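Peer 1: Quick one: the structure is below, questions incoming.
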Amino acid sequence: MANGNGKKSKKKIIIFSIIGVVLIGLAALVFLGSKRETIVTVQTEKTVKRNITQIVSATGKIQPETQVKINAEVSGEIINLPVQEGQTVQKGQLLVKIKPDAYKAQLEQSEASLKMSEAMLTKADADFKRVKGLFAKQLASDADMDAARAAQENAKASYDQAFSAVNQTRDTYAKTTIYSPMDGIVSQLISELAERVSGSTFTLGTQIMTIADLSKMEARVDVGENDIVMVGIGDTTRIQVDAFPNQTFVGTVSRIANTATTTGAGSQSEVTTFEVRVSILGADTIQFRPGMSMNADIETEMHTNVLAVPIQSVTVRMPKVEKKEEAPKEGEAQLSTGKSKIKEKEGDKLAEIVFVISEGKVKAVKVKRGISNDAYVEITEGIKEGDEVVSGPFKAINKDLEDGSLVKIDNKKTPATGTIAEKGS
C-alpha cells in the first residue's frame, strides 16, 4: 500500500511540473510577443510634380440673367390677358389690362376740378390787375391791394393742387394697362383672366407674370463663408445640370454677393452662404428652363508643375521634441535619473505631417501645404521629388503609424477596380 501511495504522489508531482513548465512557457511567449514591434501594412506613392487646380463646389439653380416680375400697381379685375406662358413678347406689347372704369371716373373728376381752378385763377389774375391799376391812380387802398393779391395767390395754389391731382389720377389710370418692359418670354403666368388683383403706389401688388430673357442664362449658387474668399470674378466654372446628364457646361463668375444669407439662425444647423452668379457660355443654344437644379465646380486657382502627394497622405500630429537634461547650477544638488527628458513642447500646435518610407520604417516629416484638388495636395515645404510617402490605408495614417514604425508595403491593385487594396485597415 505504501508503495502504491508513493507512486501516486510521484505521478502528481510530474503532472504539476509539466503544467508549470507549460504555463511558464506561455508567459514567456506572451512577454516576448508584447516586446516585438508591430509591423503595419501600408500602401505608398512616389512624390511627383503635378498640375493642381483648386476647386470650390456648390449647388444652386439655373436662372435668366435678366427677368422682370410684372406686378399689379392698381386693384381691379383683369379684363384682358392676351399672352400665354411660354409666349415670346416684344418690348411695348400689351400684357394685361385691368378694368379701368373707377380710375377713369376719378380722372374725369380731377380734370373738371382743374378746369374750375383754372377759371378761378383767370378771374383772380384779372381782379388783381384791375386793383393794381386803381391803386396806381390812388383810387384803391392798401387793403384793397392786399386782398386782391391774396385772392390771386389762393387761386394759384388751388390750380397747382388740381393740376397735381390730374397728373396723379392720369398716372393711376395708365397703370390699368401694362406693357412688356423688354423683349423676352413669359416664363411664368400666375394670374388668369377675370381674376381680381390688388395693388397700390406704396405696396407690392399681386404678381401677375414674369418676363425673362432665356437667351442669357446664369447659374446662381450658394458658397459657404469659408470658401467665398477664394472665389473671384472671372473664375472658370464647370457646370453639371441635372436635366442634361453627361454634359458639362462652361461659365465664368460674373457677380459675388457682398452680403451673406443665413439660414437656421440661432440653431445648430445655422448656415451662412454668399450667392455667386455664373454666366453660362453658349446658353442660347440650350433649352435651359428657370429653376433647373445644377452643380458647379468653380476653379479658383491653378498651380502648374508643383510637388504633390495624395490628399489622404497628410495628417496631423502633436510635435514632440527631446530635451536634454540640463546641468545643475552651482550650489544645487544633482539628481540623475539616468534618462533624457522627453516631453511635449509647451505652446506647440498640431503639425501637418506625411509619413516617408526609409529603410523599412516611416519617418514623420512636417510639411506645409498649398492648394489642393479632390485627389492631391500641393506640398511647398518638407519633402522632395521622388520621396515615397504612405498613401493608405486611412486607419494606418491617422492612427496606427508613429515616427519610426515598422511597415510592410503592399501596393497590389485589385483586379476588379484597379485600385490599391487596403490590407490591414
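Peer 1: Which whole-number percent is the relative contact order of segment 100-175 (Cα, under 8 Å, 6+ apart)?
Peer 2: Rounded, it is 51 percent for segment 100-175.
Peer 1: State, to one decimal in nm, how far the label point of Ser198 lies from the label point of Lys137, with both points 7 Å from Cα in the Cβ direction.
Peer 2: Those two pseudo-labels are separated by 6.5 nm.
Peer 1: Which cross-chain or sequence-distant (5 or more) residues have an amide H under 5 Å from the amide H of Asp183, H modelled 1.01 Å from N in plane?
Peer 2: Here the answer is Lys91, since their amide H atoms fall under 5 Å of that of Asp183.
Peer 1: Still on this structure, please answer the following. Taking θ = phi - 60°, what integer Hz values does the Karplus form 6.51 cos²θ - 1.76 cosθ + 1.60 yield along segment 46-59, in sequence order, with x for Gly and Pro?
Peer 2: For segment 46-59, the Karplus-derived couplings read 6, 7, 10, 8, 9, 9, 10, 10, 7, 10, 10, 9, 7, 10 Hz, x marking Gly and Pro.
Peer 1: Sticking with this one: Considering amide H positions built from the backbone, and no H for Pro or chain starts, which residues 5 or more places from Ser57, or on another chain, come under 5 Å of its amide H?
Peer 2: Residues meeting the criterion, in which the H sits 1.01 Å from N, are Ile298.
Peer 1: With N residues in segment 100-175, what two-decimal value do you get for its Cα radius of gyration over 2.2 N^0.38 Å?
Peer 2: Dividing the Cα radius of gyration by 2.2 N^0.38 Å gives 1.49.
Peer 1: Tell me the GluC sites (Glu not before Pro) within segment 126-218 that lie in a loop according to DSSP and have at most 10 other beta-carbon atoms within 10 Å.
Peer 2: Qualifying residues, ordered by number: Glu192.
Peer 1: Tell me which trypsin sites (Lys or Arg not before Pro) from segment 158-264 have a DSSP coil assignment and no more than 15 other beta carbons within 10 Å of their own.
Peer 2: Passing sites in segment 158-264 are Lys216.
Peer 1: Same structure again: Where the only charges are on Cβ atoms (+1 Lys, Arg; -1 Asp, Glu), what is the dipole of segment 100-175 about its Cα centre, to the nearest 20 debye?
Peer 2: So the dipole magnitude of segment 100-175 works out to roughly 200 debye.
Peer 1: Take the Cβ-Cβ distance between Gln109 and Ala174 as r, set R0 to 22 Å, and report the resulting FRET efficiency rounded to the nearest 0.05.
Peer 2: With a Förster radius of 22 Å, E is 0.85.
Peer 1: To continue, here is another question. Check Asp387: other-chain or 5+ apart residues with amide H under 5 Å from its amide H, H built from backbone geometry?
Peer 2: Under 5 Å from the amide H of Asp387 lie the amide H atoms of Thr47, each far enough along the sequence or on another chain.
Read-outs throughout are calculated quantities, based only on the coordinates presented, and are distinct from any laboratory measurement. What you are looking at is a predicted structure, and each value in this text was computed from that prediction instead of being measured. Cβ atoms come from the backbone with ideal geometry, glycine included; neighbour counts cover every protein chain shown.
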